[in-house]
Amino acid sequence: MSHAAAPSTLRGEQAKNQLIQAAIEQFGEHGMRATTRDIAAQAGQNIAAIAYYFGSKEALYLASAHWIGDFFNQHFQQHVAEAQALIAAHSQDKTAIRRVIHSACCLMTKLLTNDDTLHMSKFVSREQLTPTDAYYIIHQHMIAPMHEHFSRLIAGYTGRDSDDTETILHVHGLVGGIVGFRLARETVLMRCGWSEFNDARTQLIEKVITQQVDFILQGLSIPRGDVNHEKS
């Protein structure tokens with residue numbers, strides 16, 4: 001027979017989650033210069049709650065990195081399962097491989113054009129530029145698995161080696177192109193004459209991203225050095 005969690009446990013989990021949400025925003029804006037006082041105030045918690053639940057500001061920072069990794073992993077669970085099934089079966093079904101890549105790229109685009117993930121992006125960007133122990137957590141739990149799945153899917157489609165440096169760099173270019181809509185957001189808005197991203201504009205970005213995916217898949221499927229496909 002299952003038992004409901006005790007109210008004190010639920011309150012504790014709620015307090016921890018509120019602290020992590022506030023920490024991600026504060027750390028995203030200020031890095032480790034963020035103060036525990038400001039984090040606690042934003043979370044609506046007593047400053048002592050940080051030491052009680054996490055032990056220190058540094059531990060809260062690492063917990064925030066774990067939370068971000070878990071957030072993205074949960075959103076990509078279905079795509080990971082589909083990718084793993086195709087990889088495990090050594091599938092040569094190019095239509096299925098292309099569909100999974102398209103779907104994952106579109107989801108990534110949705111997440112990175114949504115204001116709700118802005119502070120997470122700031123947190124991760126800080127770690128990319130000035131890595132700490134938190135980057136290892138983010139890399140191992142979020143970035144590396146995504147990168148590896150894309151590499152294997154693209155290799156399955158093109159017949160290339162997933163561990164080949166060029167394949168890895170092509171994947172990085174693809175992912176970086178999507179991330180660019182977050183990191184270079186203002187450039188996109190100003191160049192397109194937009195004031196913000198909305199559903200219609202995000203769908204247009206997704207269309208462009210999937211076109212880029214097709215360019216990569218088709219281009220990498222051509223034998224290296226073969227230009228016979230070109231027309232004068």
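Dipole of segment 1-122 computed with +1 at Lys/Arg Cβ and -1 at Asp/Glu Cβ about the Cα centre; of T95, N46, N114, farthest Cα towards the positive end is T95. Choose one of G176, C192, I138: the residue whose Cα lies farthest towards the positive end of the charge dipole of the chain (beta-carbon charges +1 Lys, Arg; -1 Asp, Glu; about the Cα centre). Most positive-ward Cα: C192.
Please give the calculated 222 nm ellipticity per residue for the chain, where each DSSP H segment of at least 4 residues contributes -39500 (n - 2.57) and the sum is spread over every residue; nearest 500 deg cm²/dmol?
Working: 12 runs with 171 residues, N = 232.
That calculation yields -24000 deg cm²/dmol at 222 nm.
Sites count as exposed loop sites when they are trypsin sites (Lys or Arg not before Pro), lie in a DSSP loop, and have at most 13 other Cβ atoms within 10 angstrom; the longest stretch of the chain without one is 1-223. This model, with +1 at the C-beta of Lys and Arg and -1 at the C-beta of Asp and Glu, gives the chain a dipole about its Cα centre of some 280 debye. Dipole of segment 1-55, Cα-centred, from +1 at each Lys and Arg C-beta and -1 at each Asp and Glu C-beta, to the nearest 20 debye? Charge dipole of segment 1-55: 140 debye, to the nearest 20. Once you have a ≥ b ≥ c as the square roots of the Cα gyration tensor eigenvalues for segment 22-68, tell me rounded if a/c is under 1.5, and otherwise prolate or oblate according to whether a/b is larger than b/c. Since a/c reaches 1.5 but b/c is at least a/b, the shape of segment 22-68 is classed as oblate. How would you classify the chain from its alpha-carbon gyration tensor, with a ≥ b ≥ c the square roots of the eigenvalues: rounded for a/c under 1.5, else prolate if a/b is greater than b/c, otherwise oblate? Verdict is prolate for the chain. Positive end of the dipole of the chain (Cβ unit charges, origin at the Cα centre): among A104, Q212, G28, the Cα lying farthest that way belongs to G28. Once the Cα-Cα distance is subtracted from the 0.36 nm per residue extended length, the Q203 to T165 segment shows a gain of 10.5 nm. Taken about its Cα centre, segment 141-208 carries a charge dipole of roughly 280 debye when the Cβ of each Lys and Arg holds +1 and the Cβ of each Asp and Glu holds -1.
Each part gets one Cα centre, and for segment 44-75 versus segment 189-209 those centres are 33 Å apart.
Quick note: the coordinates plus some simple rules give every number you see, no bench work behind them. If you're wondering where the values come from, they're calculated on a predicted model, not measured in any experiment. Quick reminder, even Gly has a Cβ in these numbers, built from the backbone with ideal geometry, and neighbours come from all protein chains shown.
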